[in-house]
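Q: Pasting in a structure now, in structure tokens, and then I'll have a few things to ask.
The values are calculated or read from the model by the stated rules, or taken from the named source; none is laboratory data. Treat the numbers as computed from the prediction; the structure is a model and nothing was measured. Please note: Cβ atoms are built from the backbone with ideal geometry, for glycine as well, and neighbour counts cover all protein chains shown. Each accessible area value is taken on the protein alone, full model and side chains, heavy atoms only, with ligands, DNA and RNA left out. Shrake-Rupley method; radii C 1.70, N 1.55, O 1.52, S 1.80 Å.
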Amino acid sequence: MKTVEDVFKKIHKAAKQEKVEVYVVGGYIRDILLGKKDTKDIDCMVVGSGINFARSFDVAVDKVGSLIEFPDFDTARYIIETPNIMIEFAGARAEAYDQKSRKPKVAEATLEQDLSRRDFTVNAMAASVEVFTKKVTLVALKKKLVDLFEGSKDLKNKLLRTPLDPDSTFSDDPLRMLRAIRFAGQLDFSITPEAMESIHRNRGRIKIISGERVQEELLKMLATKKPSVSLTLLYQTKLLDEILPEVSALKGVEEVFGHQHKDNLVHSFLVVDNIAEQSEDVWLRLTGLFHDIGKTGTKKFVPMIGWTFHGHEHLGKKLFYGIAKRLKFSRERTDYIAKLIRWHLQPISLMDDGITDSAVRRLIVTMGELIGDLLILGRGDITTGNPNKKERRLKNYDNLAKKIVEVMDKDKLRNFQSPLRGDEIMSLCGLKPGPTVGKIKSAIEEAILDGIIPNEYEASREYFGKIKDQYLKLALDWEKA
Ligand code: ATP
Ligand code: MG
């Protein structure tokens, strides 16, 4: 099998042999109608058993792909390397939900029943697999389209509408509320006013959705070209209050004696968009969303000075750990975001104090691999509407970046540690492993960072000769005490 048409031919042949109807449905159809040609996920609906059909198909193609079965949902996934596609075969089904879970009781159903349980009309269109056995044209597809809920009309109007009553759609499976908002951002569609109101009404239901699922949808929202579209919809429907109250709380402007601070929610959304223009990395974009969450709890009006948010980088980091736990971020991603939140003000304070070599050295050592991302975050953090101010600040970042490269080249600071290693310090002093060795090593590192000595072995050895006695004496005093 070379092309995707070859694959559809095989599916079609297997369907005839097994005497079942197989339809292509959902996202694949939607994307073709939208003129997208590179969709790699194909959803197939089998009027009969999805798993049984997938097994027959597997045999028909001499087991070229890998088959994974999900018996609970009568669904099977089939992954083929050439052409690179993933097919999901699902038995047509009707669903009955209970209040506590989004896992429905499922029953075999007709094509029509299956289409009506889908999330949005633009995702509820189907066409027989036969249509796809030749290079599919829009005309041919439209002629054979099964479109019970005016999905193609909604597609033309760029509208997300639920096939059935939105309240039952969203209450049955609250994940669909996040999907609506994600699709709106991804496809640049609007959500019908009825559906928007229904999401607002049903927002509390989102609590039955697992943290992992919420994380997945949130990341998909952040992966769009302009993430603030989805983020704003989350805010408007108040879903944001449910999934990220720490972010919601940033909303609002306070005024004291005519002094206002900026709306930190609006600011944070702008920062995310700014980062999205510089980086594809969704985790960095997410950091933009969270970087100021400590501002709500540290906000203070100080007469003569104005609004201050002292320590918001520390509080923000602490609050973020709560979010990370709820949304089940991995340890690694959590540490990444937490570190960037903690240090996001550092470039600015450096610029204010004058960019000295030793301050730059410290920043490089503190941030390690994350130094580049810290600068992207810092640049994104500039949301002033004043073009002069903006240009000035961006220039500051250019200068800092240049300085960082200079210092890195000069001082070879990657994976920085004392050129005089612990082992050597021990043998030179006749010391056993213990705190004194570490203290001597840090003293050498500090001297390098402060620019007292260069980052070189000879200089470190000489410096060591000068300071070692004071540390050894200290250690002896301790032992005696
Ligand atoms: P994409 O793959 O681009 O995210 P998609 O529409 O293909 O978009 P999938 O999650 O792959 O989305 O689901 C395939 C189809 O299954 C959808 O088009 C929709 O018809 C249906 N579907 C998926 N999730 C749900 C859900 N939670 N509720 C109702 N229908 C759903
Ligand atoms: Mg899909």
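Q: Could you estimate the translational diffusion coefficient of the stretch 214-289 from the Stokes-Einstein equation, with Rh from the Kirkwood formula over C-alpha pairs, at 4 °C and 1.567 mPa s, in whole µm²/s?
A: Here the translational diffusion coefficient equals 101 µm²/s.
Q: Using per-residue counts of other Cβ atoms within 10 Å, averaged over each peptide, order 345-358, 59-72 from highest down.
A: Peptide ranking by packing, descending: 345-358, 59-72.
Q: Okay, moving on. Q99 versus K432, label points 7 Å from Cα toward the beta carbon: distance in nm?
A: 6.6 nm
Q: Where Lys and Arg each count +1 and Asp and Glu each count -1, what net charge lies around D58 among other residues with Cβ under 15 Å from its Cβ?
A: For residues surrounding D58, the net value is 0.
Q: Equivalent ellipsoid semi-axes for the stretch 199-325, as square roots of 5 times the alpha carbon gyration tensor eigenvalues: give them largest first, rounded to whole Å.
A: Value: 26, 17, 14 Å, ordered largest first.
Q: Can you give the accessible area per residue of the stretch 48-88, in Å², using a 1.4 Å probe?
A: Averaged over the residues of the stretch 48-88, the accessible area is 53 Å².
Q: Could I ask something else about it? Could you state the accessible area per residue of the stretch 251-390 in Å², with a 1.4 Å probe and every protein chain left in place?
A: Spelled out: the 1.4 Å probe surface of the stretch 251-390, per residue, equals 48 Å².
Q: For E21, list long-range residues whose amide hydrogen, built 1.01 Å from N in the peptide plane, is under 5 Å from its own amide hydrogen.
A: Result for E21 returns V47.
Q: Another one. Suppose we keep just the DSSP beta bridges with both residues in the stretch 1-92; what percent of those would be antiparallel, to 5?
A: Antiparallel bridges: around 75 percent, rounded to the nearest 5.
Q: Mind listing P(r) for the chain? All alpha-carbon pairs, 10 Å bins, whole percents.
A: 4, 15, 20, 19, 15, 12, 8, 4, 1, 0
Q: Report, to the nearest whole %, how much of the accessible area of the chain belongs to carbon and sulfur atoms, 1.4 Å probe, protein only.
A: 51 percent
Q: Of all the C-alpha pairs in the stretch 131-252, what % are more than 18 Å from each other?
A: For the stretch 131-252, the fraction of Cα-Cα distances above 18 Å is 56 percent.
Q: Using a 7 Å offset from Cα along Cα-Cβ at D357, what residues in the stretch 455-481 end up with backbone N under 18 Å from the label point?
A: 455-463
Q: Here are some pairs, K19/K100; K13/K40; K328/K439; K226/K410; K225/K295; K100/K339; which of them have Cα atoms lying more than 31 Å apart in this structure?
A: K19/K100; K328/K439; K226/K410; K100/K339
Q: To continue, here is another question. Would you mind counting up the charge near K103? Only other residues with Cβ under 13 Å from its Cβ, with Lys and Arg at +1 and Asp and Glu at -1.
A: In short, 0.
Q: Next question, about the same structure. Report, by chain and number, residues whose modeled amide H sits under 5 Å from the one on F70, excluding near sequence neighbours (fewer than 5 apart, same chain).
A: For F70, whose amide H was placed from the backbone, the distant partners under 5 Å are T75, A76, R77.
Q: Right, another one. Please report the equivalent ellipsoid semi-axes of the stretch 1-151, computed as sqrt(5 x eigenvalue) of the Cα gyration tensor, largest first, in whole Å.
A: Taking √(5λ) for each eigenvalue gives 23, 20, 14 Å, largest first.
Q: Below 8 Å between Cα atoms, with a sequence gap of 6+, how large is the relative contact order for the stretch 422-480 in percent?
A: Value for the stretch 422-480: 28 percent.
Q: Accessible area per residue, 1.4 Å probe, Å², for the stretch 422-480: what's the number?
A: Computed with neighbouring chains in place, this is 64 Å² per residue.
Q: Sticking with this one: How much space per residue, in cubic angstrom, does the convex hull of the C-alpha atoms of the stretch 275-411 take up?
A: 126 Å³
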